Structures are given as structure tokens and as C-alpha cells.
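Encoded as C-alpha cells, the structure appears first; notes follow it.
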Amino acid sequence: MIANLPFIAIALLIGIAFAIILLKKNMIKMVMGLGILESAVNLFLITIGYREDGIAPIFTNAPEGVNMVLPTVQALTLTNIVIGVAGTALMISMIMVIYKKYGTINSDKMRRLKE
Amino acid sequence: MSLILDNLPALLIAVPLLGAFLIPIIGRFLPKIRDAWIILVSFLSSMAAVLTAFTVYTKGTLVYVFGAAAGSGAAPIDSGGIPFRIIFTIDGFGAFMLLSAAIVSFAVVLYLVASQKERSGKSEFYALYLLLTAGIFGMVSTGDLFNFFVFLEINTLSGAALVSYHRKGGIAVEGALKYLIVNTVGGLMVLFSVGLLYAQYNSLNMAYIASQMTLTTLNIVALVLFITALAMKAGAVPFHFATPDAYSVAPSGITALMVVASQAGLYGLFRILFTVYGGVINTVTVGWVIIVIGILSMVIGVTMALPQKDIKRLLAYHAVSQTGYMLLGVGVAFAVLGDPAATAAFGQTAMEGGLFHIINHALYKGLLFLAVGAVIYRTGVWSLNKLGGLGHNMKWTMVFFLIGALAIAGIPPFNGFASKLMIYESVFAFNPALSIIAMVVSILTLASFMKVFHSVFMGPKLPEFENVKEVPKLMIAGMVILTIFVIGFGLMPDLVVDSIVTPAANALLNQGSYITAVLGGFL
Amino acid sequence: MTDSTSIFPKKVVIVLVLLITLILLLPAAGLTFGDPATTLTDQYYIDNSQVQTGANNVVSAIVFDFRGFDTLGEACVLFVAVLGVAMLFRRVRK
Amino acid sequence: MTSGLIVRTAGRLIVPLIFIFGFYLVAHGHLTPGGGFQGGAVIATGVALILICYYYKDSIEKFSPAKNFKLIEASGLLLYICTALSALVLGSSFLFNWLNASGGLFGHAVTYGINAGDLFTAGVIPVLNFAIGIEVFGALSVVLLYMFAGLRETTRAEDDAPAPVLLKKGKKGDRK
């Protein structure tokens, strides 16, 4: 069980992220919660691709006769990181515009949509 | 010509993307031809989608391998029969969704070119529009789980950016932010479950995973996450809170396409349920989960819609309610999937009704949003209390709105009636109570729309709307396209069901044919 | 079922979060760290990346060749974000 | 409206090195850890450093306005999709690696197994790496520039004021 520590850490990270997203009223903190969630998923992807004593899957000047870790999940993680950056950039910009118009980033004070 | 026909699935994505990438350059140096360019690109991508769908209906499932050398199959022999490249698998259901997206996206472009004429930031707007179209096309054609996630993110981000287009003193941005946060969480849940499946089967191809699928705890966790996340995307009830906020503040034309975008989430849900998990899970339990989500969406959507004063918000709640019909029909079909006799008796019809409702909903809800957008375009007023007497000056818009309203309420001879009748009949055979709920919801929908119609178009001419004119011709052209399909599908339901809906239903019900199409002789 | 945004009762949230965490602890029981269940696809990539793509870096070979289409999609996501940011901060010209 | 002398001088020294390092990461993406995304992001940090050293208004005057970066980004994407489409014209499928081991550009045959690495291998992969590098560099720079443009710039007096003036009261929404 203790060898599976990374998976337990992932579950805890996701729990923390959801708690932040659902409880915090400061929108920047909600976006930070999303960032934690995304990092947890990235960590999960990397973790499932690890092989005992593996090296990075690159042939240039690699040592002889060792296992390589699984490369696909690393490619997926790379993709997800960029997607996460894009999403965060968009969210932060939206919050900046909201702050300019409303003067607040508290999600309690800005629910004008409710009428 | 054979170059185009051989590579249709690639062109489906490449054409809108190429168009979108060129728009910043065209907008900077040749702003005069920008409108013509966007109409051309949208027309070409819609044509590519229609051609793809036609090829699928005539020649069977299309399998396209990205980056493979000419002549090598989906699962090369030296890999031991595992498809290791990204594969587009377009079967009857994918082709069906492509058709619906193609029709709506082209009609909406015509509308938008006229209605957004006076606004700033159009280069970005149109590029995002094309990217949203490409995202929908990609979601419904891909046969690869991670690729599905990537297109889901394109769909989400471009949808959110488009919602925020008008800004409206921050309200639009707020709606967009809410939509973006909810859907990003959903997207990450999809990715987590993709990771769970990858950890067990070391593959991302849907067909390969389906062929290896067994019932483990991890797979159940993954299924729960998939259902939650894709129901979020589709705007079904426990997660519907972002949908009305986003739809009510988006530009009207965009909302029409967003309906299709949320249905792409529904596509993913059905694809995962039927194709990936179809053979192994307890279909009765999961089917009832889907049915309950559907019933809740129907009832809560329509009850929230009734007291709304904001006309677009009202339509958005009806969109939630109509999503329930699709979930109900397909949920019933999934619940009886393990029972061939029941499937033959009513499951197949329920499935066809649910799927037929997808395209019908895209068409008439698109028409309604465009008509309401036309009213707002001329008057600038959202509130039902302040509108009135517009039928005198906006005759065409009134006719289009009436057609859409009758179609959504399920009145013959419009298309909503055809699909709702199929759902009522088959669900009645499954469980009469569900069918009665569906009918009651339909009556409430009719009541709600009669109220809207009366308060917007009927009554005496109001002095403040004295000078309101009919909308420009291009906007009418966009609405006419959708109206033709609404009436056409209503007049010839049998023809439509036989030619496009039945292949879609068969594609979902027959899991083996999907797997064979990709993996070929390696089973 | 109200129209609420992020304002749930605290107790509900805590229960929900605990539930999510517990469900996600299941993978820890089902998977082993450092020893993937099967490695068919990945071993194929490692063995064939030099033959089929000529790249020494297997991750690069996957990102740009075997799964190059994903990368196109990902570049699009970044493009979407840029267009969205540009649209949000645009100045309205009169 | 500029930051201090030390920051500016250090920035001038470091920025070219950042650009060169980013270019190296992009160019060697198929041989060593790195690639288009990483290299593009590194180059964009150089842009960020310029923004920090010279503030927004001076930077866009000295450097380049955001709309040019948008063109750079679009051209990177066009390079990617045109490379992908070129394989269609040659009769294979979208994104096929037709330059690999062809003898032409980036077409040297690779030694299988562990080797020292040859820059001119891997066919279209380096081309796509450059395309993505250009795209990411443009994209992140545009995002940075627009975000800076959306901010209210502080004046020199505010910058030099003692900290409590700026950080007064944690109450959100007080400042207009």
C-alpha cells in the first residue's frame, strides 16, 4: 500500500481542489483550485506511466540496457499542460474584465445574472 | 477529386482550421473580404461534413488513420493489432451529428454576418466561430479518447470566449466564466477517466478498449466520472446551473450553435455508454440513471422556464428541458439493451426517437434563438414585460418564431411532433408513468411558448417600437434554412428516420460492427 | 434546485469532497506504482520511433508524429485562448 | 516609467541568452528533452522580462505591438497545418512524416538504437517543432501584452511609495 503513495496523494489533491472550488468565494482562488485539480490529473498521468528504475524515453546518449518509462502519458501530460495554460489565461482575463466592471472579484457580490 | 474523397475526415477538421488561422491575417490586411471569406469557409466545411455523412450512409463506417503511410491499415500487423495512431471512426451516429452541426453552423453564419455588422473585434469572433465548429466536428468524428478530450476543450474554450463577446458591462463575461469553470472541471474529469482506462489497457482507441473491456472497479469509477462530466457538458439537470447563464448572455446566433455544442457532449455520453461499455455493464441500472437524469431535466427545466421574464433565459431553460427527452429516449433503449425481444419491440423506437430529437432540437431551438435574436437586434429589449405588438412590423420573424414554437411544443406537422411521438409510444411500452410525465412537460412547454408568442408579437403596436423594421435579408436567409428543415422533417418523418436516424441507432446498438470496422481481422 | 452558483452549504460540500476523495482512493487499490499492467502500445512506440519517424526523443515522436493531430488540436486551444483574451480586452471603436 | 538601472541592465544581458536557449530547445526537440512548446514558452519569458524592465507602454514602442504577435502566431499555425496538408498532396494521409529518411531537408537516415544524435534527422518533426515554437511564443506574448494593456499602469511615485500605501486593507472591492 505504501508503494502506492502517489495515487493516494492524487486523491487527496483532487479533494483539496474540489474543496477550494466549491467553498472559496474569491474567484482567483477558484482558478487556483482548478490549477491544483489540473496538476493532480497531470500527476496521475505521469504516475501511471512510471516503470521501476526507468529512464526518460530518449535515445540520445542513453545508458545501455535500462528500461524506459512509458512515453505516451508524457505526451498526454504535455498536451494537457498547454491546454491548462490556455484555460487559465482565458479565466484570468475574464476575471480582470469583471474586476474592471464590477470592482470586485467576490462571487457573492456579483451575481447580477440572477435578477 | 479522389484526393478530397479519400481524405474527407481530415478535411472536415482542416478546412475550418485553415480558415480560422487565416482570419487574423485577412482581417489585418484585407478587412473588406472578411465576411465573404467566413461565409465561404463555413460553406466548404459544411459541405465537407455533408459529403462525409453521405459517404458513411452509402459506403459504411469511415476509418481514417492520421499520419499513416499510404496503404497501411488502422491496426498495423507489426503492432500486434493495436491501433496506435489517432483514428477517426465515423459511423452512422457520427454522420448524423455531423449533419446536424453542418446545417446549423452554416445557417448561423449567414445570420451572424448581418447581425454583427456594426460590432468591433469581428476577426477574433469569426475565427472563434470556425474553431467552435471544428471542435464539434472533431468531437463527433473521433475514435480516440484523448483526441475527444482535446476537441472537448476546444469546444469549451471557444464557446466560453464567444459567450463573453458582447461583454454587456460584465454580465456576459460572468456567464462565460461560470460556463468555463464548470466545463473545465468536466474536461479534467474526462481526462482522469481516460487515464484510468489507459492504465489498464494501455491504449486510447475506443474500439480497442471496447474489445478488451471487463468489469473492474476502476472501470466503474471511470464510467461514473464520464457520465458526470459529459452530463455537465450537455447541461442535464444536476449540473444545469451554468447553461441558462451562458445562453442568456451570448449573442443569439452563437447560442444556436452552443445548443449543438452541448449535444456533442451528449454524443460523447452515448458513445461511451453504448460503444465502449455496452457489452459489460449492467445496462438496467445505468439505463435507469440516465432515465432519471432525463426526467429531472425535463421537469425542472420546464418549471424553471415558466416564470422567466428574460426571453433568452426562458429559451435556455427549455433547452435543458428538451435535453431530458433525448436522455429519456436513449436511456430507455439502454435499459433494455440486454433484452433482444424488448429492444425489437420498443427499445429501437425509443432510441430512434431520442436520436431524432437531437437533430430536431438543434434545428427548432436554433430557429427560436435566431428569431428571438432578431427581435433583440431591432428593439434591444430582453424583457417579456416590455415587448409587445411586434407582429405588425416584423412579420417574417413572427412566422419563424411561431413555427419554432409549435415545433418545440410537439404540434404536427412540425418535426418536434414526429420525434416526440416516437418517444411517447416507446416509453409508454416501457413504463407508462414516464410517458405521462413527458406529455405533461410537453403541454407546459406549449403553454410557456404561447405566453411568449402572445406577449412579444401580439397586441397593439407599442409607441416605442413604432419605427422597428424587419431584419436584414441575410438574417432571414439563415432562419429560412432552418425553417425548411423544420417543416421538411415534420412532413416526411418516415423518410428522414429511414435514411439518417435508423443507421445512427443501429450504429449505437451494434457494438460489434464499430469494433470490427477499426480492428478488422484482429479479433 | 435553485439557480445558485458556487454557494453550497458547507456541510454538503465537505461530505461531497470526502466522497470524491474516497472514490478516487480506489485507483490506489487497483493500480501498482512502477509496474504498469500492460505496455503494448508504449513498447511499440519505443521500439519503432526511430524506424518510423527518425526521432531520438520518443516523446517528441509521439507528440509530433504518432499523435500529431492532438498537437494540432492543442495549438488550436492556445489559439482560442489568445483570440478570447484579445476579444475581451478589445477597445470599442466608435 | 522604467524600472531600476540594475533590472534594465541585467535584462538587456539576459534576454538574448533566453532567446538563444529557447531556440536551442526548439531546434533540438527531436533529440533532447524539449521541443516546440517548451522552447516557445522559454522565448515568451524573454518577452515577459522585457515587459518587466521597460513597462508596457515603452515596450510596445521599442519592441512591437500585440497585433504583430498575433500575425506571428497565426503564421506558426499555418506552417503546421500546411506541413500536415502537404502530405495529402503527396498521396498519403494527413500529417504523414514524408520527409523522414528522404535524403532532403532533415532527411538523414538515423542510426537505430542509442546514438549521439544528428540534428538533420526526423523529417517533418523539426519543422512542426519550429511551427509550434513560433505559435507558442506568439500566443504567450499576445496574452501577456493584452493583460498588461488591460491593467492600469502604476506611476513611478506609486511604485516608490512605502509598501503599506499599496497594500492597505485586505478588503476586496474597495479600490476602484
* To do: Please state, to two decimals, what the Cα-based radius of gyration of chain B comes to when divided by 2.2 N^0.38 Å (N = residues).
  => 0.93
* Asked: Hey, which of these cross-link pairs are over 30 Å Cα-Cα: B:Lys309/D:Lys70; B:Lys233/C:Lys10; B:Lys117/B:Lys386?
  -> B:Lys309/D:Lys70
* Calculated from DSSP H runs of 4 or more alone, at -39500 (n - 2.57) each and per residue, what is the 222 nm mean residue ellipticity of chain B, nearest 500? -> -24500 deg cm²/dmol
* To do: Take the Cα atoms of region B:417-523, find their three principal axes, and give me the spread along each one in whole Å, biggest first.
  => 73, 40, 22
* If you count, for every residue in B:21-32, the Cβ atoms of partner chains within 10 Å of its Cβ, what is the mean? -> 4
* Sum of side-chain charges, B:Ser448 neighbourhood, beta-carbon under 15 Å (Lys, Arg +1; Asp, Glu -1) -> +4
* **region C:12-78: mean projected area of Cα convex hull, nm²** => 7.5 nm²
* Across peptide B:134-146, how many C-beta atoms of other chains are within 10 Å of each residue C-beta, on average? -> 2
* Asked: All other residues with a Cβ under 10 Å from the Cβ of D:Val142 taken together, and with Lys, Arg as +1 and Asp, Glu as -1, what is their net charge?
  -> +1
* Asked: Hey, can you rank D:140-147, B:489-496 by average C-beta count inside 10 Å, highest first?
  -> D:140-147, B:489-496
* Asked: What net charge do the residues around A:Gly54 carry, taking every other residue with its C-beta under 11 Å from that of A:Gly54, with Lys and Arg at +1 and Asp and Glu at -1?
  -> -3
* How high is the relative contact order of chain B, given as a whole-number percent (alpha carbon pairs under 8 Å, six or more residues apart)? -> 17 percent
* Asked: When the Karplus curve 6.51 cos²θ - 1.76 cosθ + 1.60 is applied with θ = phi - 60°, which whole-Hz ³J(HN,Hα) does each residue of region C:11-16 get, with x for Gly and Pro?
  -> 5, 4, 4, 5, 4, 4
* Report the extension gain between A:Val66 and A:Ile92 in nm, rounded to one decimal, defined as 0.36 nm multiplied by the number of residues separating them, less their alpha carbon distance. => 5.0 nm
* Asked: In what sequence, highest mean first, do B:413-426, C:37-50 appear when ranked by Cβ atoms within 10 angstrom?
  -> B:413-426, C:37-50
* Structure fact -> Each residue of D:21-32 has, on average, a number of other protein chain C-beta atoms within 10 Å of its C-beta equal to 3
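Bear in mind that the values in this text are calculations on the coordinates, not laboratory data. Keep in mind that what you see is a predicted model, and the values were worked out from it rather than measured. Using ideal geometry, Cβ is built from the backbone for each residue, glycine included, and neighbour counts are taken over all protein chains shown.
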